[in-house]
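One structure is given here, and the rest of the page talks about it.
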Amino acid sequence: MLEGLRAAATGMTAQQQRMDALSNDIANVNTTAYKHERTSFRDLVASPTGLGGAEQVGAGAGAAAKSAGRGWGQGGLQATEQPLDVAIQGDGFLQVKLADGRTALTRSGSLHVDARGRVATSEGSLLQPPVTLPVGTSPSDVQIASDGTVSAQGRPIGRMVLVSVTSPHKLDDASAGVYTTNAASGPPRAAGGDTTLAQGALEASNVDLGDAMVELMAAQRGFQMASQAVRSQDEMLSIANGLKQ
Amino acid sequence: MERGLYIAASGMLAEQARQDLISHDLANASTPGYKADRTTTKSFSEMLLRDASSGQPIGALGLGARIDKQVTDLTPGPLRETGEPLDFAIQGEGFFAVQGKNGVRYTRDGQFQVSARGDLVTTNGDAVLGAGGRPVRVGDDGTVAGNEIGVTQLDAAKRAGENLFTGTARGASKATVRVGALEGSAVDPITTMADMLGSLRAFEAGQRVITTIDATLSKAANQVGAL
């Protein structure tokens, strides 16, 4: 009896997890290069039902949700006309060095120049390998080619390297929009030739607000159904309790 | 009289087991490729009551019921477009074969990922098997064609948890694999909720029978012979 109560409760927990991920997506509908989160569900193993069923009849233990990484679909490009804004088109990342020395990956191309002329992300992480503007170069003189070559007043001064990993679903989140590689994701390698950079644009979030709202409603209804099952199980317990007057 | 008590109790136990199965179905209303169970309740074999002195038959007596069979309803669920390159849905009958830790298992949950080695795997990390029974390689562009993934016909499919099924493979299926879509859960909320309510009321009726028999027994024990 309590197994059924627990099975129904696991359904509520799983839907709650999905709602959390969706709320996060909706909150980030305007975040540069944000990638929506994916939730996967699985059913939990069955155990015999006890006296009420034959030996081979088993009731499952409910459902569980877990994160299935992010959906890496391309976000739309938003023209900003800022010379140090870059949008990645295709599968790939910019490589940056975090404050603690680790190398990380990001698609958020809102770049700027720090006090020493080095190109850094909006969070202050330097590009890896570094790109430094020569003294006296204004950002408006910088041209970034689609292959990442950076030139100032016609002279090449560095290259923004694009990398990708074999299994982007397994990347760890380091901070907002910044990911670190691990054994499951595979090491960074040079991105394919069809991955390009677009200067003067940013990649928009790939959250589709309509889809996210529909998903949220479905999750809410799923949550309600599971909670009805909890209530029904509770009522059965109360009826069983009423046997002894 | 006492027999009636136990018969009613067996009915309550069967409804309780059914309710557990329904809870599991409702909890999986969003699990991709989930298949709901159908159950059949069967009464225990009946006994023929006979008058001991005359040998005259009195009639049959049932001994209550229990859930006898549990069959997974393999009707395909609705397909949902997701646009993800590594989501796959089977159009028609059959299962994806995956290499589990304890042998080949089958699933209709096509939410796959790519492993660090470049193979197509489930979210649990089990390799998805191709038409030839070998792992499927994900292309450099991060996609896999639908026809590279094997779809197997399965006999006696039995749920094994984690969205997996066991069963006897019976060759390749003619079903096609659609890329960028997932099969939703086949739990029908309306019939499942109706079953839940029906089962709840049947359970309640069983309780009423027991309390009525109990009241009758109480009369027999306390009032017969009282002045």
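The values are calculated or read from the model by the stated rules, or taken from the named source; none is laboratory data. Just so you know, these numbers come straight off a predicted model, no measurement behind them. When we count neighbours, we look across all protein chains shown, and the Cβ atoms used for this are built from the backbone with ideal geometry, even at glycine. Heads up: the accessible areas ignore ligands, DNA and RNA and are worked out on the full protein's heavy atoms, side chains in. Shrake-Rupley method; radii C 1.70, N 1.55, O 1.52, S 1.80 Å.
How many of the residues making up the stretch B:171-219 are over 24 Å from the mean Cα position of the chain (by Cα), open to solvent by 60 Å² or more (accessible area, probe 1.4 Å) and within 12 Å of another protein chain (Cβ to nearest Cβ)?
Result for the stretch B:171-219: 4.
Could you tell me how many of the residues in the stretch B:55-68 are surrounded by 14 or more Cβ atoms within 10 Å (Cβ to Cβ) and in a strand (DSSP E or B)?
Residues in the stretch B:55-68 being surrounded by 14 or more Cβ atoms within 10 Å (Cβ to Cβ) and in a strand (DSSP E or B): 4 in total.
Please verify whether A:Gly73 is within 7 Å of chain B (Cβ to nearest Cβ) and open to solvent by 10 Å² or more (accessible area, probe 1.4 Å), treating the condition exactly as stated.
Here the answer is yes, as A:Gly73 does meet what is asked.
Take the stretch B:159-170 and flag every residue that is within 9 Å of another protein chain (Cβ to nearest Cβ) and either in contact with a helix residue (DSSP H, G or I) (Cβ under 8 Å, 6 or more places away or on another chain) or open to solvent by 50 Å² or more (accessible area, probe 1.4 Å) (or both).
Result: B:Glu162, single match.
Counting only residues that are open to solvent by less than 40 Å² (accessible area, probe 1.4 Å), give me the strands (runs of 3 or more DSSP E) lying completely in the stretch A:160-245 with at least 1 of them.
Once the strands (runs of 3 or more DSSP E) in the stretch A:160-245 are filtered for at least 1 residues that are open to solvent by less than 40 Å² (accessible area, probe 1.4 Å), what remains is A:162-164, A:178-180, A:196-199, A:201-203.
Does A:Ala14 meet the test of being within 30 Å of A:Pro168 (Cα to Cα), within 8 Å of chain B (Cβ to nearest Cβ) and small (Gly, Ala, Ser)? Break it down into steps so the answer makes sense when it comes.
Details: within 30 Å of A:Pro168 (Cα to Cα): yes; within 8 Å of chain B (Cβ to nearest Cβ): yes; small (Gly, Ala, Ser): yes.
Considered against the rule, which asks whether it is within 30 Å of A:Pro168 (Cα to Cα), within 8 Å of chain B (Cβ to nearest Cβ) and small (Gly, Ala, Ser), A:Ala14 comes out as yes.
Do we have B:Val151 as more than 21 Å from A:Ala68 (Cβ to Cβ) and buried (at least 21 other Cβ atoms within 10 Å of the Cβ) here? Please lay out each step first, then the result.
On the way: more than 21 Å from A:Ala68 (Cβ to Cβ): yes; buried (at least 21 other Cβ atoms within 10 Å of the Cβ): yes.
Considered against the rule, which asks whether it is more than 21 Å from A:Ala68 (Cβ to Cβ) and buried (at least 21 other Cβ atoms within 10 Å of the Cβ), B:Val151 comes out as yes.
Taking into account only those residues within the stretch B:161-177 that are of a type in the set (A, V, I, L, M, F, W, C) and farther than 28 Å from B:Ala27 by Cβ, which is modelled with the lowest pLDDT?
Among residues in the stretch B:161-177 that are of a type in the set (A, V, I, L, M, F, W, C) and farther than 28 Å from B:Ala27 by Cβ, the one modelled with the lowest pLDDT is B:Ala172.
Test A:Thr49 against the criterion of being within 18 Å of the chain's Cα centre (by Cα) and within 30 Å of B:Val71 (Cα to Cα), and give yes or no. Don't jump to the end; show me each part of the working.
Working: within 18 Å of the chain's Cα centre (by Cα): no; within 30 Å of B:Val71 (Cα to Cα): yes.
Taking the combined requirement at face value, the residue does not satisfy it.
Taking A:Ala8, is it at the interface with chain B (Cβ under 7 Å from one of its Cβ atoms), open to solvent by 30 Å² or more (accessible area, probe 1.4 Å) and more than 16 Å from the chain's Cα centre (by Cα)? Spell out the reasoning first.
Values: at the interface with chain B (Cβ under 7 Å from one of its Cβ atoms): yes; open to solvent by 30 Å² or more (accessible area, probe 1.4 Å): no; more than 16 Å from the chain's Cα centre (by Cα): yes.
Here the answer is no, as A:Ala8 does not meet what is asked.
Can you tell me which residue is surrounded by the fewest Cβ atoms within 10 Å (Cβ to Cβ) among those in the stretch A:38-49 that are more than 7 Å from chain B (Cβ to nearest Cβ) and of a type outside the set (S, T, N, Q)?
Checking each candidate, the answer is A:Pro48.
Which of the residues spanning the stretch B:112-128 are assigned to a strand (DSSP E or B) and out of contact with any Leu (no Cβ under 9 Å at 6 or more places or on another chain)?
Hits for the stretch B:112-128 are B:Asp119, B:Val121.
Return a yes/no flag: does the stretch B:14-27 have any residue that is within 19 Å of B:Ala194 (Cα to Cα), open to solvent by 40 Å² or more (accessible area, probe 1.4 Å) and part of a helix (DSSP H, G or I).
Yes, some residue in the stretch B:14-27 is within 19 Å of B:Ala194 (Cα to Cα), open to solvent by 40 Å² or more (accessible area, probe 1.4 Å) and part of a helix (DSSP H, G or I).
Counting only residues that are under 30 Å from B:Lys42 (Cα atoms) and touching a helix residue (DSSP H, G or I) at 6+ places or on another chain (Cβ under 7 Å), which one in the stretch A:58-70 is surrounded by the fewest Cβ atoms within 10 Å (Cβ to Cβ)? Break it down into steps so the answer makes sense when it comes.
Of all residues in the stretch A:58-70, those under 30 Å from B:Lys42 (Cα atoms) come to A:58-63.
So of that shortlist, the ones also touching a helix residue (DSSP H, G or I) at 6+ places or on another chain (Cβ under 7 Å) come out as A:59-63.
Details: A:Ala59: 29, A:Gly60: 24, A:Ala61: 21, A:Gly62: 28, A:Ala63: 30.
Among those residues, the one meeting the criterion is A:Ala61.
Among the listed residues A:Lys66, A:Lys97, which satisfies the condition of being in contact with a Lys or Arg (Cβ under 9 Å, 6 or more places away or on another chain), under 30 Å from A:Thr180 (Cβ atoms) and at pLDDT below 95? Please lay out each step first, then the result.
Working: A:Lys97 fails: in contact with a Lys or Arg (Cβ under 9 Å, 6 or more places away or on another chain).
Answer to the check: A:Lys66.
So which of B:Thr75, B:Thr143 ends up being in contact (Cβ under 8 Å) with a residue 40 or more places away in the chain, part of a loop (DSSP other than H, G, I, E, B) and more than 14 Å from every other protein chain (Cβ to nearest Cβ)? Spell out the reasoning first.
Details: B:Thr143 fails: more than 14 Å from every other protein chain (Cβ to nearest Cβ).
Matching residue, one of B:Thr75, B:Thr143: B:Thr75.
Give the stretch B:87-98 a look and list any residue that's open to solvent by 10 Å² or more (accessible area, probe 1.4 Å) and outside any strand (DSSP E or B), or say none.
If the condition is that a residue be open to solvent by 10 Å² or more (accessible area, probe 1.4 Å) and outside any strand (DSSP E or B), then B:Gly92, B:Glu93 are the ones that fit.
Of everything in the stretch B:99-110, what is open to solvent by 10 Å² or more (accessible area, probe 1.4 Å) and of a type in the set (S, T, N, Q)? Give them in sequence order.
The answer is B:Gln99, B:Asn102.
Taking A:Gly71, is it out of contact with any Lys or Arg (no Cβ under 9 Å at 6 or more places or on another chain) and modelled with pLDDT of 90 or more?
no
Could you check A:Leu22 against (1) open to solvent by 30 Å² or more (accessible area, probe 1.4 Å); (2) more than 28 Å from A:Ala120 (Cβ to Cβ); (3) away from every other protein chain (no Cβ under 11 Å) and say which number it fails?
Unmet for A:Leu22, out of (1) open to solvent by 30 Å² or more (accessible area, probe 1.4 Å); (2) more than 28 Å from A:Ala120 (Cβ to Cβ); (3) away from every other protein chain (no Cβ under 11 Å): (1).
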